[in-house]
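Peer 1: Could you have a look at this structure, given as structure tokens, before my questions?
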Amino acid sequence: MPLLSFAETPRLCADLAGTGGAPVDAEDFCVEELPAYAPSGSGDHVFVWLEKRELTTWRAIELISAALGTDPAQAGYAGLKDRHAVTRQWLSFSGVEPAALAALQLPGLMVLQAERHGHKLRTGHLRGNRFTIVLRGVVDEAEARAQAVLARLVRLGLPNYYGPQRFGVAGDNAELAREALQQGRRPARDKRRGRLLISALQSQLFNEVLAARLQQGLLHRVLDGDVLQRWGGRATFTSSDAATDQARLDAGELVTTGPICGPRLVRGPLGSAARGWEDGVLAQHGVEPEDFALWGRLARGGRRALTVALGEPSCAAVDPHALRLSFTLPAGSYATVLLREVVQG
């Protein structure tokens with residue numbers, strides 16, 4: 001069965017009218033990291049708070065490392081940021097002085113702060129991201145339409161799809177990895193490239209499960225054997241009393257989760273409704289979670305919330321044909337997913 005493209009995945013607000021429009025330039029899409037902690041002021045690593053324009057995180061690391069004569073592979077980051085945006089984020093470097101980083105003047109980069117810390121910045125060391133996005137070319141009723149969409153997403157949560165940037169420029173990274181998995185081989189010789197392809201397949205299969213649950217009316221319904229999380233938490237547990245857990249989900253305490261295939265994937269018990277349903281979706285794409293053991297530590301696996309909280313949402317007209325959206329999302333969630341719900345393009 002063909003894998004769904006991001007554009008084909010169902011929307012939670014598909015029945016509501018959209019605003020139309022899109023960001024036009026980098027200044028229309030601004031992202032600021034919400035760090036998990038502040039640098040301590042001492043240690044062998046230097047945390048750098050910077051603002052960048054039209055640069056990926058990797059390119060920013062390469063430019064800074066080249067200027068300072070350090071190994072870019074030793075740099076750290078909490079999350080990757082898009083190129084076509086103005087972003088503020090933390091990076092970390094070792095073997096350098098804070099003053100040298102603070103003095104850097106590079107195209108598209110502005111160092112705002114440089115402080116020592118005791119360890120390297122790691123992926124996921126992040127509470128979330130704050131977005132400010134201007135949509136240009138919107139319809140006349142854009143503000144009212146956006147408010148209706150945001151109100152529903154606040155009440156029900158944002159479907160936690162992986163966004164299109166997860167799947168490569170051509171959108172085929174997941175399919176390349178699936179072919180490799182079915183042939184019993186690694187997807188690429190280069191470790192970094194291989195990890196990227198594997199992650200795309202894991203993300204795509206999660207999206208498939210999320211799409212199926214939304215389409216079948218199961219996104220906010222607890223099945224026997226469902227693996228659940230507390231709202232906003234990370235620890236999971238398996239439901240043994242669907243009726244009780246359904247009441248807790250309805251009260252906003254719990255959220256359903258989907259699979260990130262790999263050896264660490266937690267699954268409901270054999271014979272449970274949730275296990276059978278989830279395995280059935282994966283089997284349609286010729287994949288079983290156990291298959292990912294082939295890739296070892298490159299595909300560790302786990303669970304991911306099917307919906308996430310939309311924080312501090314607001315919208316306001318900039319002019320008759322432009323609308324500014326502001327909101328926060330947890331780390332690992334995609335603004336492009338929210339924009340698709342609002343714009344309905």
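Peer 1: Enumerate the pairs (first residue in region 235-254 and within 18 Å of residue 275 (Cα to Cα); second residue anywhere and surrounded by fewer than 12 Cβ atoms within 10 Å (Cβ to Cβ)) with beta-carbon separation below 9 Å, excluding pairs fewer than 6 apart on the same chain, so at least 6 apart or on different chains.
Peer 2: Close Cβ pairs (under 9 Å, with a partner that is surrounded by fewer than 12 Cβ atoms within 10 Å (Cβ to Cβ)) amount to 238/269; 240/269.
Peer 1: Yes or no: residue 195 at pLDDT 95 or above and within 24 Å of the chain's Cα centre (by Cα)?
Peer 2: Answer is no for this residue.
Peer 1: Being over 30 Å from residue 1 (Cα atoms) and part of a helix (DSSP H, G or I) narrows it down to one residue among 245, 291; which is it?
Peer 2: Going through 245, 291 in turn, just one is over 30 Å from residue 1 (Cα atoms) and part of a helix (DSSP H, G or I): 245.
Peer 1: Sticking with this structure for a sec: If I filter region 122-136 for residues that are in contact with a strand residue (DSSP E or B) (Cβ under 6 Å, 6 or more places away or on another chain) and among the polar types (S, T, N, Q), do I get at least one hit?
Peer 2: The answer is yes, given that some residue of region 122-136 is in contact with a strand residue (DSSP E or B) (Cβ under 6 Å, 6 or more places away or on another chain) and among the polar types (S, T, N, Q).
Peer 1: Would you mind finding the one in 262, 258 that is of a type outside the set (A, V, I, L, M, F, W, C) and assigned to a strand (DSSP E or B)?
Peer 2: Result of the check over 262, 258: 258.
Peer 1: Please go through region 275-295 and give me each residue that is more than 21 Å from residue 237 (Cα to Cα), in contact with a Leu (Cβ under 7 Å, 6 or more places away or on another chain) and not hydrophobic (A, V, I, L, M, F, W, C), ordered by number.
Peer 2: 285, 288, 291
Peer 1: Evaluate region 301-323: report whether one residue or more is surrounded by fewer than 17 Cβ atoms within 10 Å (Cβ to Cβ), out of contact with any Lys or Arg (no Cβ under 9 Å at 6 or more places or on another chain) and assigned by TED's automatic domain parsing to the domain that holds residue 220.
Peer 2: Checked against the condition, which is being surrounded by fewer than 17 Cβ atoms within 10 Å (Cβ to Cβ), out of contact with any Lys or Arg (no Cβ under 9 Å at 6 or more places or on another chain) and assigned by TED's automatic domain parsing to the domain that holds residue 220, region 301-323 yields no hits at all.
Peer 1: Same structure again: Inside region 85-104, can you point out the residues that are in a loop (DSSP other than H, G, I, E, B), loosely packed, with under 15 Cβ neighbours inside 10 Å and either in contact with a strand residue (DSSP E or B) (Cβ under 6 Å, 6 or more places away or on another chain) or touching a residue at least 24 places away in the same chain (Cβ under 8 Å) (or both)?
Peer 2: 95, 97
Peer 1: OK, next. Out of 299, 293, 317, which single residue is more than 18 Å from the chain's Cα centre (by Cα), over 21 Å from residue 211 (Cα atoms) and in contact (Cβ under 8 Å) with a residue 40 or more places away in the chain?
Peer 2: Going through 299, 293, 317 in turn, just one is more than 18 Å from the chain's Cα centre (by Cα), over 21 Å from residue 211 (Cα atoms) and in contact (Cβ under 8 Å) with a residue 40 or more places away in the chain: 317.
The values are calculated or read from the model by the stated rules, or taken from the named source; none is laboratory data. This is a predicted model, so every value here is computed, not measured. Positions of Cβ are backbone-derived with ideal geometry, glycine not excepted, and every protein chain shown enters the neighbour counts.
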